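Take a look at the structure set out below.
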Amino acid sequence: MAQAIRHASAVKPRSIPVNADVSPADWNRVTTFNPALSQPKEAVYEVGRLAKMAFDKGIFETTLSINQLEYGQIDSFLQLAGLSATPASGVALTDFDDARTDFYLPGKDEYAGSIEQTLWLQKLSVDSIGLNINAEQRLERTFQLSGEYAKMIKEANKYLIFVEDDAPSGTSGSYVIDLSDPAPVVDPNNAGVYILQLYRIRSGVATELTVTTDYTYSNVTKELTILSGLTSDNYRIWYSAGSYGTAGDPTSLNDADDYYLGAENVTVQIDDGTHSAVTLTKLTALSITATLNRIEEAVIGDDEKVLKDVESYDVALSLDGYVKNSSIIEALMGQAGQSYGIIDYTDLSTVTVTIKIYETKTKSTFLIGYKITGLEFNDSSQTYNANEFATNPITLNSDNLVISDDESDI
């Protein structure tokens, strides 16, 4: 029997890279998926009038917060970076700069039930990525994204359809794409409009296409005609429909990969670049927060925040543990593992920290890793309470992070 309210088991997040030739993918092991929508506005008054004249509405704001269990797969990072495979040197923060990702959340009446509506978050940018590791707990990733567009499609339009089409060899000029299965449903907000979003990827450059100028659609033939196509163009088409068509529900459950990974599967090492890397064995918690500082500003003549360039990157690494032999500070002194006599806190250098995650606690099969180079000392404290072991949290800062499923990158 259908639920009166929606249960989390009745939704499944799915993402679509917008401006890259990369196929959509489910988001697995998600524990929280929290979209938030807001309309900034300011009441406008004038002298001689008590009530407001109107609201001056700003650019719409969409944010998305995701918590995901670390399960050793890099697919989520690839989706957010618009990459089809891990680059030779791993996924870097710069790979997220220009990438835009759509997320959609089909809402069913119950688990494995019928679609009632679909929430569609468009053109989201990555703002931050995090990793949290705590002893005796499951590893967790965090993601923060933002954008300016969101739609709830329902009733006759409740299925969001994405079609990806590559123009074959010999294409030059008019090129027709069949959209009959399922056929688009008209946008009730815009008479005669059936295509909700269309991007072309040509030689790695993404361009959003405009109806009439760049393409046409016939509701009679159910065909979309690209007016100036070329061989190997990748067309990315979004529209709403009354069903998923013969392809069926695109979402599925993933029981092949690990459901979660624990802290016992992790090895953390610190390297001063001169001596052998030292494995940190007294850590109780570790967290990475990588932030992409975007300007996110509008421009005159446009109703969206066109300028989303990244000005800088901030990577904060927090290490919590107990006071014993100052191995972290020793590495920052450039004396990793050397049992060095005097640590001068005013003379610390940079280090590299690697976090390797394995399939099991035997650490024989590498799954995924995180590497931060150029880490500098930020702050440290030691806490001594009566009848307790002393703790020693340390925070380091950098401006880079590499993520890879190839151990040679880490």
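Among the residues of segment 37-65, those that are closer than 18 Å to Glu304 by Cβ and either touching a His at 6+ places or on another chain (Cβ under 8 Å) or not in a loop (DSSP other than H, G, I, E, B) (or both) comprise Leu37, Ser38, Lys41, Asp56, Lys57, Glu61, Thr62, Thr63, Leu64.
Of all residues in segment 318-365, those being more than 25 Å from Ile403 (Cα to Cα), part of a loop (DSSP other than H, G, I, E, B) and out of contact with any strand residue (DSSP E or B) (no Cβ under 9 Å at 6 or more places or on another chain) number 12.
For segment 295-306, state whether one or more residues are surrounded by 13 or more Cβ atoms within 10 Å (Cβ to Cβ), on the phi < 0 side of the Ramachandran plot and in contact with a Ser or Thr (Cβ under 8 Å, 6 or more places away or on another chain). No - not one qualifying residue is present in segment 295-306.
Figure legend. Inter-residue proximity from segment 176-190: first residues outside the structural domain of Arg200 (by TED's automatic domain parsing), second residues of a type outside the set (Asp, Glu) and surrounded by 17 or more Cβ atoms within 10 Å (Cβ to Cβ), beta-carbon distance below 8 Å, spacing 6+ or different chains. No pairs are indicated. So, Gly90, is that one under 25 Å from Asp309 (Cβ atoms), surrounded by fewer than 17 Cβ atoms within 10 Å (Cβ to Cβ) and either at pLDDT below 95 or touching a Ser or Thr at 6+ places or on another chain (Cβ under 8 Å) (or both) or not? No; evaluated as a whole, the condition is false for this residue. All of Asp257, Asp272 fail the test of being in contact (Cβ under 8 Å) with a residue 40 or more places away in the chain and touching a helix residue (DSSP H, G or I) at 6+ places or on another chain (Cβ under 7 Å), apart from Asp272.
The single condition from (1) touching a Gly at 6+ places or on another chain (Cβ under 6 Å); (2) loosely packed, with under 15 Cβ neighbours inside 10 Å that Phe389 fails is (1). If you go through segment 219-248 and pick out every residue that is under 22 Å from Ile153 (Cβ atoms) and free of Cβ contacts under 8 Å to residues at least 40 places away in the same chain, you end up with 2.
Yes/no per residue for (1) among the aliphatic types (A, V, I, L, M); (2) out of contact with any strand residue (DSSP E or B) (no Cβ under 8 Å at 6 or more places or on another chain); (3) free of Cβ contacts under 8 Å to residues at least 24 places away in the same chain; (4) surrounded by fewer than 13 Cβ atoms within 10 Å (Cβ to Cβ):
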residue	(1), (2), (3), (4)
Val18	yes, no, no, no
Val22	yes, yes, no, no
Arg29	no, no, no, no
Asn34	no, no, no, yes
Glu42	no, no, yes, yes
Tyr45	no, yes, yes, yes
Gly48	no, yes, yes, yes
Lys52	no, no, yes, yes
Thr62	no, no, no, no
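Cβ-Cβ distances below 8 Å connect the following pairs, each with a first residue in segment 371-384 that is buried (at least 16 other Cβ atoms within 10 Å of the Cβ), a second residue that is assigned to a loop (DSSP other than H, G, I, E, B) and not polar (S, T, N, Q), and a separation of six or more residues or different chains: Lys371/Gly90; Lys371/Leu401; Lys371/Ile410; Ile372/Leu401; Phe377/Leu348; Ser380/Pro393.
Taken as a whole, segment 308-317 holds no residue that is without any contact (Cβ under 8 Å) to a residue 12 or more places away in the chain and either surrounded by 15 or more Cβ atoms within 10 Å (Cβ to Cβ) or out of contact with any strand residue (DSSP E or B) (no Cβ under 8 Å at 6 or more places or on another chain) (or both). Working only within segment 280-289, note down all residues that are more than 14 Å from Pro393 (Cβ to Cβ) and surrounded by 14 or more Cβ atoms within 10 Å (Cβ to Cβ). Selection gives Ile288, Thr289.
The values are calculated or read from the model by the stated rules, or taken from the named source; none is laboratory data. On a predicted model such as this, the values are computed, not experimentally measured, just so you know. Neighbour counts are summed over all protein chains in view; Cβ atoms, including those assigned to glycine, are modelled from backbone coordinates with ideal geometry.
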